[in-house]
Each structure stands twice: as structure tokens, then as C-alpha cells.
Amino acid sequence: MAIPLIEFDGMLARLHAGPEALSTEERGSLDRDGFVALGGALPRDLVSRLLDRLLELRRPGAVKAMHERERGCWRVDGTLDLHAEFHAAWSNPRLLAAVRHLMGAPFQPVSLNYRAPQTGFGHQGFHHDAPFLGRPPSQGYVQSIVALVDFTAEGGATRVVPGSHRFDHFPNEGMPDVEGRHAQELALSGPAGTIFVLNGNTWHAGGMNRSAVPRHSLHSSWMARTVTSEVLVNQRQPVPRGILQEIGPDAAGVLNAVSVG
Ligand SMILES: O=C(O)CCC(=O)C(=O)O
């Protein structure tokens, strides 16, 4: 649904997600590096409740199936219909302000997925997330990762290449082997509750989890309202009417989901 920017910004302002929700340094980091770490975005008690709800999905007969499409990684595609508490992971004011800063236009979440690499797994090759939007740097896609445990290099924190959001080529065109190390890569580390926000063009990769515990995380991805990519549109999920009422009209307005139930 088309929405004028001024109306969209009004919803963000009522959600306390105006530009002032970020510091000058945080906005600078998004522009310069192509990512930012928003420390303390989610309180610890919420993080542990979300983790409990996700771990319940490992029980037989759980409402939603966990899968291991990626070897050694527990994954759930789509958590927005599970409980209103999950919505706090995408409607966080500082996260919304960061997505607004990158998009410069009205947007909506694509999905909120769970990814938890187990010990000895999680390594990915470098990629950027929106090849289907055309040659980089393309517009209209943002990725964010909510740390549900402390993110450390040893624990498999996401690796990023600072400044790569400005590159005019894909990782496989710029690296001899995307599975290898990049000379400039660094690990996105931060305590549980940190939200990392990445420009959709930023080269990144999951790190190998060498710690003894799973690296639990939620990924929220974002698309500009003008983007028509079927790859993204098909990932959007309906949300139960009761949850939309619980999160309130402004969050529901940003979510822009079809209601069910
Ligand atoms: O979880 C991570 O560290 C990154 C995951 C990722 O980029 C992906 O699955 O495409």
C-alpha cells in the first residue's frame, strides 16, 4: 500500500523512532561502514523470554517446525505469528530509526527469522543480501540481526567488510574465494540484546561457532514499499488479528501485514 513519507514518519515518531533515536555517531557508522551495532536495544528479560519461546519449538508437536536447511544451524522461517513479544524484535525504536536512515523512504519488514548455528557450524561465504534487486549498490533492502546471546568472534558472530556497501560488484566478483577470509573483515561482537543493522549491500557472512553454546539470533529483513521483488514479497507472512491489535496501530501500520484469524 502506498503511503506518503510524511504519514509514515508520523507513525515512526509516535513509536519514538524519529532520527533522534540514533546518535550522530550511529548514523555516521551506517553511512561510513554500512552497519551499526545498537547496544542494549532489547532488555535482557525480553531476550530470555524470546529464547524460551524459540527453544519450545524444539519440543515434539511444537506449533512451528524448526529446520536445518543449513547444516548445523537451527532455523525457523517466520516468527511473526507466534507471539506479540516477537514483534518487539523488529519494532524496536532504534532499529526502526536505523532502517529509516538507510531507506530514506517508507518501508516494511519482510520477515523475522531465527538462526542458531551450533558448535562447529555456522560458517558462510561472503554475500550480500539483495542480488535480485540488481547490480550493487542497489536501493531498498536492509538486514538486521538481533543477538539473543553474547556475540563474539569465537561464538560465530557475523563477519562484515566495512565500507563494502559502496562497492559496485558482488563478493564473488571481488574475492578469489568467498569462503575464505577477507583482509578487512571484522566480527560484529556485542552483548545479548544488541541489534546489528546492515545496509543490504554490505558484504557479510555467518562466522563459525567455536564456542560450546548455540549462537541464537533473530534476523529481521526490510524492504522499501516500492520494491516489487517476488523473492521478498513471497517471504512476507500474514499476522493474526489479535497480535496486530496488541502491537497497536502505529506498529501495525509499519508492519503492513495482511491480518488473519
Ligand atoms: O547469522 C548470521 O551471522 C548471518 C546470516 C546470513 O547472512 C544469512 O543467513 O544469509
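Its DSSP H runs of at least 4 residues, each contributing -39,500 (n - 2.57), put the calculated 222 nm mean residue ellipticity of the chain at -7000 deg cm²/dmol, to the nearest 500. Hydrophobic long helices, here whole DSSP H runs in the chain with Kyte-Doolittle means of at least 1.6 and Cα atoms spread over 24 Å or more along the helix axis, are not found. Inter-label distance, PHE132 to ARG14: 3.2 nm, where each label sits 7 Å from its Cα along the C-beta direction. Taking Lys and Arg as +1 and Asp and Glu as -1, the other residues whose beta-carbon sits under 10 Å from that of GLY206 total +2.
Across the stretch 5-254, Cα-Cα distances exceeding 26 Å account for 36% of all pairs. Only Cα pairs under 8 Å and 6+ residues apart enter the sum, and on that basis the relative contact order of the stretch 49-134 stands at 32 percent. Amide H to amide H distances under 5 Å link PHE107 with ARG225, where only residues 5 or more positions off or on other chains count and H is placed in the peptide plane. Each other residue within a Cβ distance under 15 Å of ALA17 adds +1 if Lys or Arg and -1 if Asp or Glu, for a net charge of -1. Peptide packing for 223-232, 190-199 was compared via the average number of neighbouring C-beta atoms within 10 Å per residue; ordered from the highest value, the list is 190-199, 223-232.
Using a Förster radius of 22 Å, what is the FRET efficiency between ASP168 and ALA2 based on their Cβ-Cβ separation? Nearest 0.05, please. Could the numbers behind the result be given before it?
Details: r = 30 Å, r/R0 = 1.37.
Computed FRET efficiency for ASP168 and ALA2 comes out at 0.15.
Here, each number is a calculation from the coordinates, and none is a lab measurement. Because the structure is predicted, anything quoted here is derived from the model rather than measured. Quick reminder, even Gly has a Cβ in these numbers, built from the backbone with ideal geometry, and neighbours come from all protein chains shown.
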